[in-house]
Amino acid sequence: MSGRENIRQKEEEISMFENKTEAQARQEILDLVAEYCDTFHNKKEPFQEGQRIPYASRVYDRREMVNLVDSSLEFWLTSGRYTDEFEKKLAEYLGVRYCSLVNSGSSANLTAFMTLTSPLLGERQIKRGDEVITVAAGFPTTVTPVIQYGAVPVFVDVTIPQYNIDVTMLEEALSPRTKAVMIAHTLGNPFDLKAVKDFCDAHNLWLVEDNCDALGSRYTIDGETRFTGTIGDIGTSSFYPPHHMTMGEGGAVYTDNPLLNKIIRSFRDWGRDCVCPSGRDNLCGHRFDRQYGELPLGYDHKYVYSHFGYNLKATDMQAAVGCAQLEKFPGFVERRRHNFDRLKNALSGMEDKLILPEACENSIPSWFGFLITCREGVDRNQVVQYVEGKGVQTRMLFAGNLTKHPCFDQLRREKTGYRIVGDLSVTDRIMKDTFWVGVYPGMTDEMIDYMASVIREACG
């Protein structure tokens, strides 16, 4: 390209927004983004048997992409107006007072647990050596913060076909050092919240609901139907792409307790004592006139640290995607339920070879996946290999039995750092005999029916 042609090109580029306000220029860009998304991202061909069916995938349209670019054009980048909007709307949806957006579901679990270690909680503070009742059949980040802090996870078994904690083991797991119960609702199926909540209330224990795989699930307790994640003291969510809704990365921590919310915000925001949001100073009017710890009087409150915290905030670009996803979310939940019911109906009559999942009593699950346990004489590995060979993606129940993994090698050798109640025999069976397939809202009836036929073929 000659110098003159280069100059002409530059002039044309400059003239695109000539005589336009910033608002007009932005709208022009966003209109083009919407057109781009419609043209290149949202054209779906009819499903053909044998095509790859992932266990989960993103479901989105122009609104997510437009919001993402809109946020990018502001170039604020860290948490901002979209973050505020998302936190407000998710809290309203769930019916809780407080919601804090974080950068992942794992960070949400980290923040939730660390909140319970705060000295502000007095006698209820979790200290190193204290115990937290949980399960080994699930995702590791429900347990990881407990171990990393120096508290002791106490593992109890689960049940089939609900795949949730065996509540009959709770009293046996209790010790003078028990401070909390922290467990997940497995693949959207709520655990027995009535029994667990009664146990926690009776013994003055914290209850953390890992709601990362169950956003939108409901549970009726004492005649009142509420969303899971809102019945315990703290709930957590994940917005990783396979989850109920996505930001790419992202998570949330929510509670009705104002003190817990204050601590959650502190741990998420470096451990700061100050509650001023990014970009705002002296919201309380006492930035330079108070004394904290052994700091000098008047030390800048913006840099006073009441906890050993982290920076776990999400970006406003993630939040922008989340705001658009939240608008669609009730429809996502209904489609997940539809897909689950269709798949279960299509597999009826296979109960002699497969154990099909069942919803926990008093619950309306927002299903994350469809768990299947092979009966005696049916080889899980052979079934999975056949199903995968036909294009249907499968997953194990995450860790299966977390205590069997290499991350526990040293703890097992030293016989320290955790405790097992019973023998985890059902957990071990899940590790050996169980797998799951997806029911995400992007699946069509044709895809569900094909999955069912393939699973039937795999079992002979």
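For this structure, a couple of remarks:
- All positions within the stretch 377-411 that are outside any strand (DSSP E or B), charged (D, E, K, R) and either assigned by TED's automatic domain parsing to the domain that holds A136 or surrounded by 15 or more Cβ atoms within 10 Å (Cβ to Cβ) (or both): R380, E388, K390, K404
- Residue match in the stretch 195-207 (condition: out of contact with any Lys or Arg (no Cβ under 9 Å at 6 or more places or on another chain) and among the aromatic types (F, W, Y)): yes
Each row is one residue, and each column tells you yes or no for (1) among the aromatic types (F, W, Y); (2) within 18 Å of L215 (Cα to Cα); (3) within 22 Å of the chain's Cα centre (by Cα); (4) not in a helix (DSSP H, G or I).
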residue: W76; (1), (2), (3), (4): yes, no, no, yes
residue: K88; (1), (2), (3), (4): no, yes, yes, no
residue: L101; (1), (2), (3), (4): no, yes, yes, yes
residue: S106; (1), (2), (3), (4): no, yes, yes, no
residue: K127; (1), (2), (3), (4): no, no, no, yes
residue: T134; (1), (2), (3), (4): no, no, yes, yes
residue: G138; (1), (2), (3), (4): no, yes, yes, yes
residue: P153; (1), (2), (3), (4): no, no, yes, yes
residue: I160; (1), (2), (3), (4): no, no, no, yes
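- Test: residue in the stretch 91-112 that is farther than 13 Å from A319 by Cα, in contact with a Cys (Cβ under 8 Å, 6 or more places away or on another chain), surrounded by fewer than 22 Cβ atoms within 10 Å (Cβ to Cβ) and of a type in the set (D, E): no
- Residue, nearest to the chain's Cα centre (by Cα), within the stretch 193-210, restricted to residues that are of a type in the set (D, E) and surrounded by 23 or more Cβ atoms within 10 Å (Cβ to Cβ): D210
- Which numbered condition L170 fails, given (1) within 21 Å of R429 (Cα to Cα); (2) within 22 Å of the chain's Cα centre (by Cα); (3) not in a loop (DSSP other than H, G, I, E, B): (2)
Quick grid of which residues meet (1) among the polar types (S, T, N, Q); (2) free of Cβ contacts under 8 Å to residues at least 40 places away in the same chain:
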{"residue": "E74", "(1), (2)": "no, no"}
{"residue": "T78", "(1), (2)": "yes, no"}
{"residue": "K88", "(1), (2)": "no, yes"}
{"residue": "G95", "(1), (2)": "no, no"}
{"residue": "S104", "(1), (2)": "yes, no"}
{"residue": "A108", "(1), (2)": "no, no"}
{"residue": "T115", "(1), (2)": "yes, no"}
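- Selection from the stretch 417-446 of residues that are surrounded by fewer than 21 Cβ atoms within 10 Å (Cβ to Cβ) and either small (G, A, S) or within 17 Å of Q48 (Cα to Cα) (or both): G417, G422, S425, G442, T444, D445, E446
- From the options D428, D445, D449, D433, residue that is within 12 Å of A136 (Cα to Cα), acidic (D, E) and in contact with a Lys or Arg (Cβ under 9 Å, 6 or more places away or on another chain): D428
- When residues of the stretch 17-59 are limited to those that are under 24 Å from V454 (Cα atoms) and among the small types (G, A, S), the one surrounded by the most Cβ atoms within 10 Å (Cβ to Cβ): A56
- In a residue-by-residue description of the stretch 278-297, the property of being crowded, with 17+ Cβ neighbours inside 10 Å and in contact (Cβ under 8 Å) with a residue 60 or more places away in the chain applies to no position.
- Residue within the stretch 320-337 that is assigned to a helix (DSSP H, G or I), touching a Leu at 6+ places or on another chain (Cβ under 6 Å) and buried (at least 19 other Cβ atoms within 10 Å of the Cβ) present: yes
- Test: I263 is under 16 Å from I133 (Cβ atoms) and of a type in the set (V, I, T): no
Yes/no matrix, rows are residues, columns are (1) of a type in the set (V, I, T); (2) free of Cβ contacts under 8 Å to residues at least 60 places away in the same chain:
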{"residue": "E351", "(1), (2)": "no, yes"}
{"residue": "L354", "(1), (2)": "no, no"}
{"residue": "P357", "(1), (2)": "no, no"}
{"residue": "E361", "(1), (2)": "no, no"}
{"residue": "G369", "(1), (2)": "no, no"}
{"residue": "V378", "(1), (2)": "yes, no"}
{"residue": "K390", "(1), (2)": "no, no"}
{"residue": "Q410", "(1), (2)": "no, yes"}
{"residue": "R413", "(1), (2)": "no, yes"}
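The values are calculated or read from the model by the stated rules, or taken from the named source; none is laboratory data. Please read all numbers here as calculations on a predicted model, not as lab measurements. Please note: Cβ atoms are built from the backbone with ideal geometry, for glycine as well, and neighbour counts cover all protein chains shown.
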